[in-house]
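Peer 1: Supplied in C-alpha cells, the structure appears directly below.
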Amino acid sequence: MENKNLFTFLFLIITFNFIVTAQEKDKTRWTPEDIINTEYMKSVSVSPKGNMIVWTKKKAVKKKDKFVSDIYLTLLNIQEKETFKTIQLTFSDENDFNPIFSQNGESIYFLSARDKGKKLWRMSIYGGEAEEVKEFKKGISNLQWQNENTLLFQSNEGKTLYEKELEEIKDNVTVVEDSLHWKPTRVYAYNLKEKTIKRITNNKKPLSGFVISPNGKWLVYRKNRSRSYASDAQKDPFNYLQNLETGDVKQIITDRGFPSNSFQFTRDNKGFYFTSTYASNPKWNGAGISELYYYTIATNSYKKVNLKWNLGIGRGYQVVGNDAIVTLANKAYYKLAYYKKNGNAWVKSSINLGAKNNHTTILSVSKDGSKVIYQYSTASKLPTYYIADISKNKFLNEKEVVKLNKKLAKKPITKSEVMVWKGYNNEEVDGILYYPSTYEKGKRYPLILSIHGGPAGTDTDMWSERWSTYPNILAQRGAFVLKPNYHGSSNHGLSFVESIKGNYYEPELEDITKAIAILDKKGLIDRNQMGTMGWSNGAILTTMLTVRFPDMFKFAAPGAGDVNWTSDYGTCRFGVSFDQSYFGGAPWDDVNGKFYNENYIIKSPLFEIEKIKTPTIIFHGSKDRAVPRDQGWEYYRGLQQVGKAPVRFLWFPNQPHGLGKITHQLRKMKEELAWIDTYLFTKNPSKNETFKKESPLAQLLEIEKAATTTTGNYGVLFNGKLIPETVLVKKDSIEIARFEVTNAQYKSYNSMHKYNVGLDNYPVTVSKTEATNYVHWLSSITNKKYRLPNLAEAKNLHKKAFKAAKNENTLNYWAGYAITIDEVRQFNNKLEEVNTNLFKKVGEFKGTSIVSAKIYDLGGNVAEYYDNGIYGYSAYDFYDANNSEMLTSKHVGIRVIKE
C-alpha cells in the first residue's frame, strides 16, 4: 500500500476523539476514567499523640485539566463501621500538599498551589476554613519542624538584578549551563510567634534536600555540584552536617563514589540512616542496588548496615526509634524486615503479616515509633490501608484505616500470578501474568506485552494500573497481559540489574521471547495474535522487538522511547550517564579496535527501521528531556518513509516524560485501545467522527429503538392489544414506560375513545379514575403487575422532570423566549385565540435518563398521575425555574410502571 493510501485508510478508521465502545458502557467494565481516578493514600503523617492521621488524596479537576491533592484527616479514636472517621479538610481546585501536624497536634500546616503557591496555610483539627499564616514571595517548600514555634523550609534569596534586567527586556532565552549565575536554594527558619525569617544555610549552590533531627539541633543537607540537566555523570552532591546551636558546618560522607540519599535521624539524635546505591563500577553512576548505612555524629563515621539480604533495598525504609524497618527487594515481591540497633551492630528479624507478606509497603511510622501505616495490595487486589501498633518486629492490633475506591471494588478484577521462567543465560526471570477475564482452560488467547521502563524498574505483585499500563482493561478485551521483569530490572540483585551494561537489548529480548515460547507451549496463547506496548524503556524494547521479529506482532504502542542512540547521547538530560553505562562509553570512544563506538549504530533501531512491518502508534511529550522529543519524530519519519507499516504519531504539547494532564492521559489510553482493537482484535472503532451525540440525527436514532407496530404506532402488541413498551431501570428492578400512554394504546382499552386523525402517537389525557382503571386492565390482560408510580417514585421523577422541563414541551416552549411568571396570564389570553392542540407526538424531545433507562416527555407534553396526585408539566403549564414543587395540571396522562 502506498503511503498516501495508507494514511487515508488510517484517517478513516482511527478515532481521534474518545472511543466509547459498547463494552465500555457496561458499568462493570474497567474504563480509562477508572484507571486515572484510582484513589491512593499519599503523604501520610501520624499526629504527635498518635490519635490522628493526616494524608492526601489526588483528584482530577477537569475544568483545569490537571490532578491536584486534597488533605484528609482520619480520627483514630472514632470508629465508623470497619474503619475510622475520616474528614476531608480541603476542597480547592489547586494542589494542597505537604501537610504536617503542629507539635501540639492542634493544627495542620500545609502548602498549596493556590495564590501562586507562595503561602503557608494552617487549619484547626476542629474545623473551619484554612487561614493564611504568611506569604513567602520568594517561594516556600519542604516544611519541617525545628521546634514547636519554628518551621524550616526551602527557598531562595529572590531575583537578582541580572534576572530583573532580563525580565524587563522580556528575554526568555533558556541558559542551559551558567556557572556564573548559580541560583542557590537554601534552608530558612520561620518563627511563628515572632513572625521572623532567618537564613540557616549559606551554600553557594542549590540544595537537593535537607532533614532536621528530632531535637532540632542537627541539620543534614545536600548541595549540588553541577546541573545534571546539561552535564550528567558528574560528581554527586556534597553532604553536610550543620550544628544549629553553634552554627558549625562540616562536610560528611566524602569518600563514597556513589550517591547518598534518604537521610533519617534516629530518635536519640546521635546519628542518622541513609541509603546509597552500589554498583560494580561507579564511573557513570549507572544502575545498581540500594544499601543502608548509619552515620554516627560523635565519631563522624558511617557504617553499612548488614541487611543479610543480597538483593538490597526495594522500596525504602522507616526509622522506628533507633531501629529501622526496611522494605527489601524480593524480585517480583517486597519483604519487610526489622533491624534492631544494638550498639554498632544490627539484629535482623522478619515481620510476619501472614497473607500480606510480600505485598506490603510502609507509608509512615509515628515519631515515637509506636504506630505504623502501611498499604497492602496484589496485582489483582486494590490497595487497602492499615494501622497497627509496633512491638519490635511485630505489628499488633491491625485495623483498616479508610476504604478507598468503593466503586472500583464492585468491578470484576482479572486473575493474575507471578510467572517464573528461564531466560537469558538460563537464569531465572519473572513477571506478572494477567489472565483474560473470560479465560477458559484449554482455549488459546491473544497476548499483549506491557513492558516497564527504567530499564532498572520492576513490576511486582502489587496493584499497578495507570495510564501507561492497564492490564484489567486489556484482560477484559480477552487477552493475556504479561509484564516481564527482564534482565536489567531492579529488585533482582546486582548481577541481574548490571547484566545489560555493554550488552543492551540482547538479554532483555531473549527473556521476553522465551516467555512467549513457554506460554505457547502451555497452550495459553495464540502466537498469531500478539502485540507489544510500553513507555520509556518499555517503548525502547517494544521497538526493537518489531525490528528483530517483523512478523511476530499485530500492533506496537511505544511511548517516549529512543530509536537513535547517536542523537540521544547529546540531547537526553542524562544521556551521558545512561548511554555510556549501557553502551560502554561515548559515541566517539575507541571500542574493540574501532575509531568509534559502534554500539551507537548497531543498537539503534533507526538504522534497521526498514525491517518493521508492525502497525505502530507512537506517543511523545513535546517537552520530554528524558527521552528527547525528536526521537519520536525520527521514529515516525522512518516508518512513514519506508511505508511498510501503518503508523500514527501523537505529540502531547508541553508534556514532560510522563503525561500529567487529564485529557492527555485519557487521549493516550483511548487512542491506544482503538489501535489495539483495530490491529489485534480486528475491530474497526465504533465511533463515527461525524456523528454528534446531541444532534437531531442522534435523537432520531434513539427514538427508532422504540417498539412500533407495522402501522407505525408506538408500543407492543399483546394478544392483539396495543400496550405501552417498558424499559428496565436497572438490573433486577422495575420497568418504566418509555413514553406516556398514547391515544392508540388507550383506544385498545377503551374502544369508545375518540381523537383526531393523525394523533395516534400523541399522549392521551384522562381522569385519575380512567388512569387507575387502565393500569388494572393492563395487569389483567398480561398477567403482569402494572401500576402508577408511588409517592417516592413520583418525587424522584418530578425532580428529573423539573430539570428536563425547560427543554421540553411546556408553555415556555410555545412562548419562544424566556417567558417570566408575570407574563403568563397575558400569554394565556393570546393562547385562547388558538384553537389547536399544543401536545406533540411522544418522543419529539430529548430523552431523560433514569439510571439505565431512557424515557421521553417526562418534563412536558402532559403531566402524569401517581398514586395520590400529579407530577411533571404539560404543554399548557408554565415551567417556573424558581419553584420546583409539584403542581396541579388540567392536562394529565399516564406513564405506567411494570414490576
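Bear in mind that the values in this text are calculations on the coordinates, not laboratory data. None of the values given here were measured: they were computed from a predicted structure. Cβ coordinates were reconstructed from backbone atoms using ideal geometry, including for glycine residues, and neighbour counts include every protein chain displayed.
Peer 1: Calculate the dipole size of the chain relative to its Cα centre from +1 charges on Lys and Arg beta carbons and -1 charges on Asp and Glu beta carbons; express the result in debye to the nearest 20. Mind dumping the intermediate values first?
Peer 2: Details: 125 positive and 95 negative charges, 314 e Å.
My answer is approximately 1500 debye.
Peer 1: Hey, what does the equivalent ellipsoid look like for the stretch 377-419, semi-axes from the Cα gyration tensor as sqrt of 5 times each eigenvalue, largest first, whole Å? Mind showing how you got there, number by number?
Peer 2: Details: eigenvalues 136, 51, 5 Å².
Computed over the stretch 377-419, the values are 26, 16, 5 Å.
Peer 1: Where a ≥ b ≥ c are the square roots of the eigenvalues of the C-alpha gyration tensor, would you call the stretch 587-675 rounded, which needs a/c under 1.5, or, failing that, prolate if a/b is larger than b/c, or oblate?
Peer 2: On the way: a/c = 3.36, a/b = 1.59, b/c = 2.12.
Oblate, since a/c reaches 1.5 and b/c is not below a/b.
Peer 1: Please work out the ratio of the alpha-carbon Rg of the chain to 2.2 N^0.38 Å and round it to two decimals. Before the final figure, lay out each step's value.
Peer 2: Values: Rg = 33.5 Å, N = 899, 2.2 N^0.38 = 29.2 Å.
This ratio for the chain stands at 1.15.
Peer 1: Taking only C-alpha pairs under 8 Å that are 6+ residues apart, what is the relative contact order of the stretch 435-532 in percent? Let's see the in-between values first.
Peer 2: Values: 140 pairs, mean separation 38.8, N = 98.
Relative CO of the stretch 435-532 lands at 40 percent.
Peer 1: Turning to a different aspect of this structure: For the stretch 479-573, which semi-axes, largest first and in whole Å, follow from the square roots of 5 times the eigenvalues of its Cα gyration tensor? Don't skip to the end; give the middle numbers.
Peer 2: Details: eigenvalues 116, 62, 24 Å².
Calculated on Cα positions only, the semi-axes equal 24, 18, 11 Å.
Peer 1: May I pose another question? At 10 °C and 1.306 mPa s, grab the translational diffusion coefficient of the stretch 19-171 from Stokes-Einstein with a Kirkwood Rh over Cα pairs, rounded to a whole number in µm² per second.
Peer 2: The estimated diffusion coefficient comes to 88 µm²/s.
Peer 1: With θ set to phi - 60° and the Karplus curve 6.51 cos²θ - 1.76 cosθ + 1.60, what are the ³J(HN,Hα) couplings of the stretch 281-297 in order, to the nearest whole Hz, using x for Gly and Pro?
Peer 2: Each residue of the stretch 281-297 in turn: 9, x, 3, 10, 6, x, 5, x, 10, 9, 10, 10, 10, 10, 9, 9, 5 Hz.
Peer 1: Counting only residues 5 or more places away or on other chains, whose amide H sits under 5 Å from the amide H of residue 839 once H atoms are built in the peptide plane?
Peer 2: Those lying under 5 Å, H to H, from residue 839: there are none.
Peer 1: Please give the FRET efficiency for residue 611 paired with residue 784, using the beta carbon to beta carbon distance and R0 = 51 Å, rounded to the nearest 0.05.
Peer 2: Numbers: r = 65 Å, r/R0 = 1.28.
With a Förster radius of 51 Å, E is 0.20.
Peer 1: Quick one: of the DSSP bridges fully inside the stretch 696-898, what percent are antiparallel, nearest 5? Provide the component values of the computation, followed by the final result.
Peer 2: Working: 18 of 20 bridges.
Looking only at bridges with both residues in the stretch 696-898, the antiparallel portion is about 90 percent.
Peer 1: Could you give the nm distance between label points at residue 78 and residue 888, where each point is 7 Å from its Cα heading toward the beta carbon?
Peer 2: The two pseudo-label positions are separated by 4.7 nm.
Peer 1: Also, I was wondering about something else. Give a residue-ordered list of calculated ³J(HN,Hα) values for the stretch 877-882 (Karplus: 6.51 cos²θ - 1.76 cosθ + 1.60, θ = phi - 60°; whole Hz; x for Gly, Pro).
Peer 2: So the J values, rounded to whole Hz, are 9, 7, 7, 9, 4, 9.
Peer 1: Out of residues 5 or more away from residue 479 or on other chains, whose amide H comes under 5 Å of its own, with H placed 1.01 Å from N in the peptide plane?
Peer 2: HN-HN under 5 Å from residue 479: 437.
Peer 1: Where does helix 537-548 land angle-wise versus the long Cα axis of the chain, in degrees 0 to 90, nearest 10?
Peer 2: Taking the Cα atoms of the chain, the angle to 537-548 is about 80 degrees.
Peer 1: For the chain, build the charge dipole from Cβ charges (+1 Lys, Arg; -1 Asp, Glu) around the Cα centre, then report which of 674, 124, 561 sits farthest towards its positive end.
Peer 2: 124
Peer 1: If a/c stays under 1.5 just call it rounded; otherwise compare a/b with b/c (prolate if a/b is bigger, oblate if not). Do that for the stretch 521-649, with a ≥ b ≥ c from the square roots of the Cα gyration tensor eigenvalues.
Peer 2: Values: a/c = 1.88, a/b = 1.55, b/c = 1.21.
Prolate is the answer for the stretch 521-649, as a/c is 1.5 or above and a/b outweighs b/c.
Peer 1: Then there's this: Relative to a virtual label point 7 Å from the Cα of residue 427 in the Cα→beta-carbon direction, which members of the stretch 328-353 show backbone nitrogen distances below 19 Å?
Peer 2: Label zone hits: 329-333.
Peer 1: Ranked from highest to lowest mean number of other Cβ atoms within 10 Å per residue, what is the order of the peptides 304-312, 824-832? Write out the running numbers ahead of the final one.
Peer 2: Numbers: 304-312: 16.4, 824-832: 11.6.
Ranking the peptides 304-312, 824-832 by packing returns 304-312, 824-832.
Peer 1: Measure off 7 Å from each Cα along the Cα-to-Cβ vector at residue 803 and residue 124, then give the distance between these two points in nanometres to one decimal.
Peer 2: In this crude spin-label approximation the distance works out to 3.7 nm.
Peer 1: Label residue 169 and residue 846 with points 7 Å out from Cα along Cα→Cβ: what is the distance between them in nm?
Peer 2: 5.5 nm
Peer 1: What are the equivalent ellipsoid semi-axes of the stretch 678-749, built from the alpha-carbon gyration tensor (square roots of five times its eigenvalues), in whole angstrom, biggest first?
Peer 2: Details: eigenvalues 212, 52, 31 Å².
Sorted largest first and rounded, they come to 33, 16, 13 Å.
Peer 1: Follow-up question, since we're still on this one. I need the Kirkwood Rh of the stretch 243-395: take the reciprocal of the average 1/r across all distinct C-alpha pairs and report it in angstrom. It would help to have the intermediate numbers written out before the result.
Peer 2: Values: mean 1/r = 0.0603 Å⁻¹.
Result for the stretch 243-395 stands at 16.6 Å.
Peer 1: Any idea what angle helix 629-642 forms with the longest principal axis of the chain, computed on alpha-carbon atoms, 0 to 90 degrees, nearest 10?
Peer 2: Taking the Cα atoms of the chain, the angle to 629-642 is about 70 degrees.
Peer 1: Which of rounded, prolate, oblate describes the stretch 696-898, given a ≥ b ≥ c as roots of the alpha-carbon gyration tensor eigenvalues and a/c under 1.5 marking rounded, otherwise prolate only if a/b is larger than b/c? It would help to have the intermediate numbers written out before the result.
Peer 2: Numbers: a/c = 1.55, a/b = 1.40, b/c = 1.11.
It comes out prolate by the Cα gyration axes.
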